Each structure stands twice: as C-alpha cells, then as structure tokens.
Amino acid sequence: MQNAIRARYKHDIPSLYPSQICCVFFTHMHSDHTLDYPELAFKLWWRRSRPLQAFGPAGLRQMTDAMNAMMATDTRLRTTGAQPVADPEMYQVNVTEISAGVVFQRDGIRIEAFDVNHGTIKPAFGYRITTDDRTIVISGDTAYSEELIDKARGADLLFHEVISDTGLARNAPQWRDYHRQAHTPGNELGRLANIVRPKKLVLYHGLFYGEPEQGVVDEVRAVYDGDVVLADDLDTF
C-alpha cells in the first residue's frame, strides 16, 4: 500500500492513491497474496466517492465479512465522531467471486481470468489484461501451465512467478516436491518463454532460498534469449 502511494507521486498516477484505487484482483487466497487487503480496503475509505471492488476466488466474500468485523470498532468511531466522512458506507467492498472467463470490461480494459496450476490450491487464477495498445498477462502462482501458455502467446508483457533451481535444491525433499507442484523453476520458465515469446518477460514473486536474485534471471536466460528482467518495486514498463 505504501508503494502505491509512492508510485502515485513518483510517476504522477493519481489513480494509485488509496482512495482512488477502483479495483483489486486476487489470484488465490493464500495469505501472502491477501494480507494487504485490509489495509487497501480501509486506507482513507472515508474519502472515497465510490466503493472498492474486489474480484477473486470463492472465499473472498467470507474474508471480506471477517475483515469488516475486525474493523468494526474503527468504522464506528469514524462514522459517529467529528471526523468528516464523505459517505459512511464506503468502507464496504463490492465483492465478486469469479470463475474463469472475462471478469471485467470497462473503459477500454478487458480482464480475463484463467485457471493455472498451483498444486492443490483450486481455484487459482492468472489474468490476461487487454487494452487498446497492449496485452499484459499475470501468471499468479503456478507451476508449468499449458493454459497459461495459451493465454500468454505473443503478450507485450508477461509477469511470471519463478523459483530458483539452485535454491530449490537446498530445500528438504518434501518442500522440493511441494514447490515443483506449485511453482515454476527458472529453467522451466525459460522453456515456457521460448514457446510464448512475450515482448518482455518480467519475473516476480521470486523464491530464491539464499541464491542471489540475479541468479534466477541467469537461470531463465540460460535457455531463453528474449528480453527478461526481474521486477522491483516502482518499476514501470
């Protein structure tokens, strides 16, 4: 959330200010992908002119209800005290629990959710975002996925998770087995990228396990000759 605020001012993008963010899309319900949700929903909600919209798998509505219960005292204090509040209902998030398919279409932006292979976690989604001038695909957490290959062919930007091959080898056997079912090692991602051929491959959600971050980029580049970078906060593409 703090990076969104910094990006709003660094890159002059008013829509990244917390009270202006319209929508959030969840790939799956693991905690490392949802812990910032309460901060986004309740950061400056009293300045909102329209409610936050949240899209994600089954379980998102239950999480949202629990979040509202957790923040009920704060909400009551703000709505019954002297603080100015634009609309006392704006803390409530409009939740849409989704399945694979087009989940958002507005103002020239089309977002399609598709199933990915995150081991036993089902559903887990990736997203294909299409605008007038580019196509962006976000893998979500996934092992090698034929569905993702189909959705990502020729994308302008492919954001794909990655786990270091060398770092993976340091894990205990049960963790190696788990990660191979749920995540994509660098060499496999390189082979996938050779099929998809995005204009730029952006590595994110890196699992390094003690390896230098550049090492996972090198693992991908060992089998893929396209444009590949490791994402960092506040990067623009």
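Some notes on this structure:
- Counted residues, the range 196-226 - those being touching a helix residue (DSSP H, G or I) at 6+ places or on another chain (Cβ under 9 Å) and part of a strand (DSSP E or B): 5
For every residue, the table says whether it meets (1) more than 27 Å from V116 (Cα to Cα); (2) small (G, A, S); (3) part of a loop (DSSP other than H, G, I, E, B); (4) at pLDDT 95 or above.
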| site | (1), (2), (3), (4) |
| --- | --- |
| P38 | no, no, no, yes |
| P51 | yes, no, yes, yes |
| Q62 | no, no, no, yes |
| D65 | no, no, no, yes |
| T75 | yes, no, no, yes |
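- Residue check for E39: surrounded by 15 or more Cβ atoms within 10 Å (Cβ to Cβ) and either farther than 30 Å from E147 by Cα or out of contact with any helix residue (DSSP H, G or I) (no Cβ under 7 Å at 6 or more places or on another chain) (or both): no
- The set of residues in the range 20-33 that are part of a helix (DSSP H, G or I) and either closer than 16 Å to N3 by Cβ or of a type outside the set (S, T, N, Q) (or both) comprises Q20, D32, H33.
- Subset of the range 143-188 (residues that are in a loop (DSSP other than H, G, I, E, B) and either charged (D, E, K, R) or more than 16 Å from V220 (Cα to Cα) (or both)): S145, R153, G154, A155, D156, R170, N171, A172
- Among the numbered conditions (1) free of Cβ contacts under 8 Å to residues at least 12 places away in the same chain; (2) in contact with a strand residue (DSSP E or B) (Cβ under 8 Å, 6 or more places away or on another chain); (3) not aromatic (F, W, Y), the only one that D177 does not meet is (2).
- Note on the range 128-149: residues that are touching a helix residue (DSSP H, G or I) at 6+ places or on another chain (Cβ under 9 Å) and surrounded by fewer than 22 Cβ atoms within 10 Å (Cβ to Cβ) amount to 5.
The values are calculated or read from the model by the stated rules, or taken from the named source; none is laboratory data. Nothing here was measured: the structure is a model prediction, and the numbers come from that model. Note that each Cβ is placed from the backbone with ideal geometry, even for glycine, and that neighbours are counted across all protein chains shown.
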